[in-house]
Amino acid sequence: MNVILGIAFFILGSLAVYIFQRKKYKKMTEEDFVCEVVQKAFIREKFSDHNEHKLVRELLKSDAFVKDLSLTAKFKGMIVGYILFTKVKVGNDTLLTLAPLAVLPRFQKRVLVKAW
């Protein structure tokens, strides 16, 4: 009886976790996924304050954000990398800056697509 009860709790618990995670990811926007990638990409860096994802969220809302040049890299439908271009004013010139470039740790130092 205890074994059956334990198995039932395990199955119900697993189902609850699955449903919770599914709802969580349904509510996430592309911006949320991008910020998650950026956060995970920099999590192991020694010389980081680990707030890059907060900077990205603010830059995405700013007038300096260049949407057409900021790109996501996807693998099997999942966002695994991101580059963000913003405009920066230097003297009288407006230039582009690339920062950050972020790739999930498990995809770093790997070639997924060959350039043609």
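Readers should treat all values here as calculations from the given coordinates under stated rules, not as data from a laboratory. In this text the structure is predicted, and so the values were computed from the model without any measurement. Every residue, glycine as well, gets a Cβ built from its backbone with ideal geometry; the counts of neighbours run over all protein chains shown.
Remarks
- For the range 75-90, backbone phi angles converted through the Karplus equation (6.51, -1.76, 1.60; θ = phi - 60°) give residue-by-residue couplings of 10, 6, x, 9, 6, 10, x, 7, 10, 10, 9, 9, 7, 9, 9, 10 Hz, Gly and Pro being listed as x.
- Net charge in the neighbourhood of LEU95 (other residues with Cβ under 10 Å of its Cβ; Lys, Arg +1, Asp, Glu -1) is +1.
- Derived scalar couplings between HN and Hα for the range 62-68 equal 7, 6, 6, 5, 10, 4, 5 Hz in order, rounded to whole Hz, by the Karplus curve 6.51 cos²θ - 1.76 cosθ + 1.60 (θ = phi - 60°), x for Gly and Pro.
- Pairs from the table (LYS46/LYS89; LYS27/LYS74; LYS46/LYS74; LYS89/LYS109; LYS61/LYS89) lying more than 25 angstrom apart at Cα are LYS46/LYS89; LYS46/LYS74; LYS89/LYS109.
- Inter-probe distance in nm under a simple model that places probes 7 Å from Cα toward Cβ, at GLU45 and ASP32: 2.4 nm
- Per-residue 3J(HN,Hα) values for the range 32-45, derived from phi via the Karplus relation 6.51 cos²θ - 1.76 cosθ + 1.60 with θ = phi - 60°, read 5, 5, 4, 5, 5, 4, 4, 4, 5, 5, 9, 4, 9, 6 Hz in sequence order (x marks Gly and Pro).
- Maximal additional length on extending the LEU98-LEU60 stretch stands at 12.4 nm, based on 0.36 nm per residue less the C-alpha distance.
- Among 102-109, 82-89, the order from most to least packed when residues are scored by Cβ within 10 Å on average: 82-89, 102-109
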